[in-house]
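In what follows, a single structure is set out as structure tokens and then discussed.
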Amino acid sequence: MTQLDTSPSVPVYQLSHLRALEAESIHIFREVVATFERPVLLFSGGKDSVVMLRLAQKAFWPARLPLTVMHIDTGHNFPEVLEFRDRKVSELGVRMVVASVQASIDAGRVADEPGRSRNRLQTTTLLDAIAEHRFDAVFGGARRDEEKARAKERVFSFRDEFGQWDPKNQRPELWNLYNGRHRPGEHIRVFPLSNWTELDIWRYIAEEGIEIPAMYYAHRRQVVRRDGMLMGLCQWIQPGEGEEVTEVTVRYRTVGDATCTAAVESAAATPEEVIAEVAATRVTERGATRADDRFSEAAMEDRKKEGYF
Amino acid sequence: MELLRFATAGSVDDGKSTLIGRLLYDSKAIFEDQMEAVERASVQRGEETNLALLVDGLRAEREQGITIDVAYRYFATPARSFVIADTPGHVQYTRNMVTGASTADLALILVDARNGIVEQSRRHAFLASLLRVPHLVVCINKMDLVGYDQEVFEAIKAEFRAFAMRMDVTDLSFVPVSALHGDNVVHRSAAMPWYEGSSLIHHLEQVHIASDRNLIDVRFPVQYVIRPRSDEHHDFRGYAGQLAGGVLRPGDEVVVLPSGWSTVVESVETADGPVHEAFAPMSVVVRLADDLDVSRGDLICRPHNRPVVGQDLEAMVCWLDEKHLQPGGRYAIQHTTRSARAVVKELIYRLDVNTLHRDEGAPTLALNEIGRLSLRTTAPVFYDEYRRNRSTGSFILIDEATNATVAAGMLLDPAHVG
Ligand SMILES: Nc1nc2c(ncn2[C@@H]2O[C@H](COP(=O)(O)OP(=O)(O)OP(=O)(O)O)[C@@H](O)[C@H]2O)c(=O)[nH]1
Ligand SMILES: [Mg+2]
């Protein structure tokens, strides 16, 4: 059981930083569930979405999670993450919607570019699924510390009927009063982890003993070096001409589309060791692991304007 | 570790984003890839490394060289962790400054040493005091451009003090800095030996914030009713919410508003088990000894310490929408977990932020203007004066036609309300 920082002998009435973040996130979950009709939580099996799921559970304890979860499946998955996803969902007994990018491709909604990441393609699948299921609030695990366009986003982020984000014209958001009003066809993206950093996520995982996919911890893996990044071999990453395969002790700092998510060399095998590593690192998690954000300075902003996570 | 939230404020180009970039850079909170990206972008723009690009992340911001919306940044020193809201100085985006400042414990108000205090510095300082940001630090910036002259610093300081005397400011301090070169930001400046105060970061680490919270008035706005109806928790009925003030314990006698029924707190629960007390900003589930009809928007408090219950409100508001305030108009109001409608009965006055003059004949409030309103709500609101409680004393108004958030309101003491 977690210790809240309350003790009768020393009434300091001070919440630790992590518990203050937790309280804020729980408040956000409850606001949404109390005021929206069809909220959905995006769940990929990645560490942020796992933490988000834990916070959602806490917000409604001891009741069951009054939410649907949804995975936008690029079809380029790490098998261990899919296995983890399914196990978590069945443990919680929640309804899961899997929206498939492959299905969007097959239906001609988007065009696949063989060999390229399907990161950007997810947007169409996501928006189609939101429309199909008439979701009005979509919880995402994005954090402001991840990226400079994300650093600008509100907790309740309004999306128009095309799912677009207009960063130049965001609603004012004061105190903890969130304006979730929208017309049919529009929706609100909600980011309960807005104020968490990568380090906060890890400290919380450690404090709470939260299980996450094993690939976040050090393991041996066959990799190739590509653009200075370590790409783990899998169905979609095969050695190219002149690329050398080596076995290295690595872990993943983020888990996304398997074609564009890199591993980092690491011996950190426990949450505590990861915390020490993250606290000392000199490179951001996206910088270290996401090939897709290297295309342009404003890659994330552009994707987000189109309706990306 | 204790958390300090602070926001920047001040006129356009006074150096807010540069200062935040410098603060992050000199306290080694910048990652290598972030720095490389900023260096690349600076070279492309044909400038020297521009630390403001660490926060000005939007395409439009970089094109125009100004901040448009708040950037949130996070960093920690061994003494404290910080949430920074770097806000825009441009008058058009004042509402984004208000967004960033509404939750701040401290505001850094930047003043360009060459220009001194300008209208926008006054507006932001006044907004910070109106939002009751408890601590103000005036950073007199670009000291490098005035030869690090003590007299310039002292003159601006005196002028600011005189202005601040007419506002509600409890803690005010001044630091002469050069955001560009880093003087007195993280490191003490060798160029200003006459300055004997602490560097900015030292001040941020030391400022005393623990006493800023209200631990006296128990205020628990009910957010959500939890009824599992499962076999295991068949009879469980709990009221979920976040404490907005005071300390709540099992056994406490409480009343529920608006019904006025009294009962006793049976337990205060969390997913991690019951707690023996809860205080702001904890999110908990309160169980009551009696089966009462309690729902979202109700408020739990102590019988001898109740908020004001009323439908006639008076408040200072900052207008946030291009469409002007409509006296007599109807808006949706959100206050704690309660929603209702409100009619604007009267614009009592509009405030001139330069002179603090009250214009009682003003017909309306335009974007970014500040004034005092009286409102009547369709349902009673349970509130405290904003200066006593930032949570139960604040509200927003929403235009029901556009769904835009059009005003931020800070409630006034009903004793002064006729
Ligand atoms: N010489 C000098 N120039 C400075 C200093 N601080 C900022 N500047 C310059 O002033 C200009 C504006 O700086 P910003 O940091 O973008 O100003 P800002 O207050 O964030 O502006 P907005 O966010 O648009 O309101 C830039 O060209 C900076 O390089 C300083 O201490 N000395
Ligand atoms: Mg700026």
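The values are calculated or read from the model by the stated rules, or taken from the named source; none is laboratory data. None of the values given here were measured: they were computed from a predicted structure. FYI the Cβ positions are ideal-geometry reconstructions off the backbone, even for glycines, and counts take in every protein chain you see. Just so you know, the surface numbers come from the protein's heavy atoms only, side chains and all, with ligands and any DNA or RNA stripped out. Shrake-Rupley method; radii C 1.70, N 1.55, O 1.52, S 1.80 Å.
In the range B:31-49, the qualifying residues are those that are closer than 21 Å to B:Val186 by Cα and either buried (at least 20 other Cβ atoms within 10 Å of the Cβ) or touching a residue at least 40 places away in the same chain (Cβ under 8 Å) (or both), and the one that is farthest from ligand 2 (Cβ to nearest atom) is B:Gln34.
Please tell me if B:Val207 is β-branched (Val, Ile, Thr) and within 15 Å of ligand 1 (Cβ to nearest atom). No; evaluated as a whole, the condition is false for this residue.
Across the range B:83-104, the qualifying residues are those that are open to solvent by less than 10 Å² (accessible area, probe 1.4 Å) and over 19 Å from A:Asn176 (Cβ atoms), and the one among them that is nearest to ligand 1 (Cβ to nearest atom) is B:Gly89. Might you let me know whether the range B:226-235 holds any residue that is within 13 Å of chain A (Cβ to nearest Cβ), touching a Ser or Thr at 6+ places or on another chain (Cβ under 9 Å) and in a loop (DSSP other than H, G, I, E, B)? Scanning the range B:226-235 turns up no residue that is within 13 Å of chain A (Cβ to nearest Cβ), touching a Ser or Thr at 6+ places or on another chain (Cβ under 9 Å) and in a loop (DSSP other than H, G, I, E, B). Looking only at the range A:227-238, decide whether some residue is in contact with a strand residue (DSSP E or B) (Cβ under 9 Å, 6 or more places away or on another chain), assigned to a loop (DSSP other than H, G, I, E, B), at pLDDT 95 or above and open to solvent by less than 10 Å² (accessible area, probe 1.4 Å). No, the range A:227-238 contains no residue that is in contact with a strand residue (DSSP E or B) (Cβ under 9 Å, 6 or more places away or on another chain), assigned to a loop (DSSP other than H, G, I, E, B), at pLDDT 95 or above and open to solvent by less than 10 Å² (accessible area, probe 1.4 Å). Name the single residue that is farthest from the other protein chains (Cβ to nearest Cβ) among those in the range B:98-115 being in contact with a strand residue (DSSP E or B) (Cβ under 9 Å, 6 or more places away or on another chain) and closer than 29 Å to B:Asp149 by Cβ. Ranking the candidates gives B:Ala113 first. When restricted to residues that are more than 30 Å from B:Val254 (Cβ to Cβ), hydrophobic (A, V, I, L, M, F, W, C) and in a loop (DSSP other than H, G, I, E, B), the range B:195-220 contains 1.
Okay, residues lined up against (1) surrounded by 22 or more Cβ atoms within 10 Å (Cβ to Cβ); (2) aromatic (Phe, Trp, Tyr); (3) assigned to a helix (DSSP H, G or I):
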| residue | (1), (2), (3) |
| --- | --- |
| A:Ser49 | yes, no, yes |
| A:Gln57 | no, no, yes |
| A:Lys88 | no, no, yes |
| A:Pro114 | no, no, no |
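Looking only at the range B:1-22, count every residue that is away from ligand 2 (no atom under 13 Å from the Cβ) and either acidic (Asp, Glu) or outside any strand (DSSP E or B) (or both) and tell me the total. Here the count works out to 2. Candidates A:Pro213, A:Pro167, A:Pro184: the one that is open to solvent by less than 10 Å² (accessible area, probe 1.4 Å) and farther than 30 Å from B:Arg390 by Cβ is A:Pro213.
Contact map, the range B:54-81: residues that are in a helix (DSSP H, G or I) paired with residues that are among the charged types (D, E, K, R), Cβ distance under 7 Å, separation 6+ or inter-chain. Pairs shown: B:Arg59/A:Glu301; B:Ala60/A:Lys168; B:Arg62/B:Asp56.
All told, B:Val254 meets the bar of being more than 24 Å from A:Leu18 (Cα to Cα) and either open to solvent by 50 Å² or more (accessible area, probe 1.4 Å) or more than 9 Å from every other protein chain (Cβ to nearest Cβ) (or both).
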